[in-house]
Amino acid sequence: MIKDSHIVLGITGSIAAYKGADLASKLTQGGAIVDVVMTKAACELIRPMTFKALTNRPIHTDMWDVAHEGISHIELAKAADAVLIAPASADFIAKLAYGLADDILSATVLATRSPIVIAPAMNVNMYENSITQENIQKLKDRGFIFIEPAEGHLACGDVGRGKLADVEDIIGEMHKIIGRSGPMAGKKVVVTAGGTREPIDSVRFISNLSSGKMGYAIAEAARDQGANVVLVTSSQIKCPAGIEPVHVQTALEMRDAVHKACKDADAIIMAAAVADYHLETPFKNKIKKKSATLDLNLVRTPDIIAEVKGDLVKIGFAAESEDINKNAKAKLKKKGLDLIVANDVTQDAWGFGSEYNKVTLIDPEGNVNEYPVMTKRKVADLILDWLTSSPKWVK
Ligand code: PMT
């Protein structure tokens, strides 16, 4: 959704202004049209030429530029799908809180009707100062969206909250904000990811090779189309911005989290590799190697997706190494799914742990669509294309 969207990126006088270059570059690479607007203080810290080279667009630094034909802050304000100010200094936040418009960036903010996103970056004392906090609250009350700064070592040597949020997190938020008018807006989607970990004793567990990448790609794609996404995950990968994570370890924990999240969901997409067996009562302490063999009495885990009831769309995966379509069709029927995504897990180049997957989409009407190897993000987009045009979703 960020592709072809128009983002005004405001850079203000914070030492994190250099990170604005990374943001400008990544948003441009994502297909957005990025118009950079810089305050005078920002131009002291980083040159406009850097942004011009990265965005291939003119850079706006002066409201009184006679060379410009129209009224640039009004044009920018109207064209913007969103205005992002990153980094936003304490001074600039104060200016916005009082509605000042004496430079091209503050004038653009005052003139726009698009969402305004602020990512503050400043010294910890400046950030925690009650004046700054009051200004932030004032803006939040007016509908400005804030991306909280992170804690860490600050340029001044202090340690505390004030670091510009992670660039990837800011981009994730922008995807979510731009996607709010997408085809999945107003819908709730539950996605599962990762291999569950079933404890054997206090230090050992049974698991599998699932990294969580497939599920995360689906969660991101759904967020980008405007869905409210709950990601039930046993993976160690950091949850992308704009997605609600529910961290679990075992199949039973995943089952509880899925059932809770599905109560008011429109779809469940289970990409997680759930253990089929677990120890009913894991050993309390580390097992001692006393005998030559060890018998573990494993019992079946509940079939999570089969148990999900209600009017939501149910999409499962089938990780198969032989008779792929035949086995996937049997699972589709047994689990009462609306779609099964069969993956061939016989090759290292795709499937478990890889950035790629090779899938076949099979529905209960007998439609079988086989696709070549593609990135997991492309597979995610395919699944969501199917979902958003399915009769149960459209209803
Ligand atoms: O995580 P990655 O490294 O990116 O790898 C992606 C993947 C290969 C793990 C993924 O694409 C995939 O195939 N996930 C499903 C793997 C699996 O467990 O398949 P299954 O055939 O055992 O289960 C079928 C379906 O039932 C799955 O949707 C599974 O989540 C679900 N299930 C399984 C067992 C169980 N007790 N409850 C379930 O709900």
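The values are calculated or read from the model by the stated rules, or taken from the named source; none is laboratory data. This is a predicted model, so every value here is computed, not measured. When we count neighbours, we look across all protein chains shown, and the Cβ atoms used for this are built from the backbone with ideal geometry, even at glycine.
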At least 1 residues that are touching a residue at least 24 places away in the same chain (Cβ under 8 Å) and of a type in the set (Val, Ile, Thr) in each: list the helices (runs of 4 or more DSSP H) lying fully within segment 3-69 that qualify. 17-29, 48-55
Considering only strands (runs of 3 or more DSSP E) wholly within segment 104-217, the ones with at least 1 residues that are more than 26 Å from the chain's Cα centre (by Cα) and either without any contact (Cβ under 8 Å) to a residue 60 or more places away in the chain or crowded, with 22+ Cβ neighbours inside 10 Å (or both) are 159-163
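For (1) in a loop (DSSP other than H, G, I, E, B); (2) of a type in the set (A, V, I, L, M); (3) more than 8 Å from the ligand (Cβ to nearest atom); (4) closer than 21 Å to Ser235 by Cα, each residue gets a yes or a no:
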site: Phe283; (1), (2), (3), (4): yes, no, yes, no
site: Lys286; (1), (2), (3), (4): yes, no, yes, no
site: Thr293; (1), (2), (3), (4): yes, no, yes, no
site: Leu296; (1), (2), (3), (4): yes, yes, yes, no
site: Pro302; (1), (2), (3), (4): yes, no, no, yes
site: Ile305; (1), (2), (3), (4): no, yes, no, yes
So His278 ticks every box in (1) farther than 22 Å from Asp338 by Cβ; (2) touching a Leu at 6+ places or on another chain (Cβ under 8 Å); (3) part of a loop (DSSP other than H, G, I, E, B) but one. Which box is left unticked? (3)
Suppose we keep only residues that are away from the ligand (no atom under 11 Å from the Cβ) and within 10 Å of the chain's Cα centre (by Cα) within segment 218-230. Which one would you say is surrounded by the fewest Cβ atoms within 10 Å (Cβ to Cβ)? Glu220
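Given the structure, is Ala319 touching a strand residue (DSSP E or B) at 6+ places or on another chain (Cβ under 6 Å), within 22 Å of Ile218 (Cβ to Cβ) and within 7 Å of the ligand (Cβ to nearest atom)?
Numbers: touching a strand residue (DSSP E or B) at 6+ places or on another chain (Cβ under 6 Å): yes; within 22 Å of Ile218 (Cβ to Cβ): yes; within 7 Å of the ligand (Cβ to nearest atom): yes.
Against the criterion (touching a strand residue (DSSP E or B) at 6+ places or on another chain (Cβ under 6 Å), within 22 Å of Ile218 (Cβ to Cβ) and within 7 Å of the ligand (Cβ to nearest atom)), Ala319 qualifies.
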Which one of these is more than 8 Å from the ligand (Cβ to nearest atom), modelled with pLDDT of 95 or more and either under 22 Å from Leu209 (Cβ atoms) or in a helix (DSSP H, G or I) (or both): Lys314, Lys329? Lys329
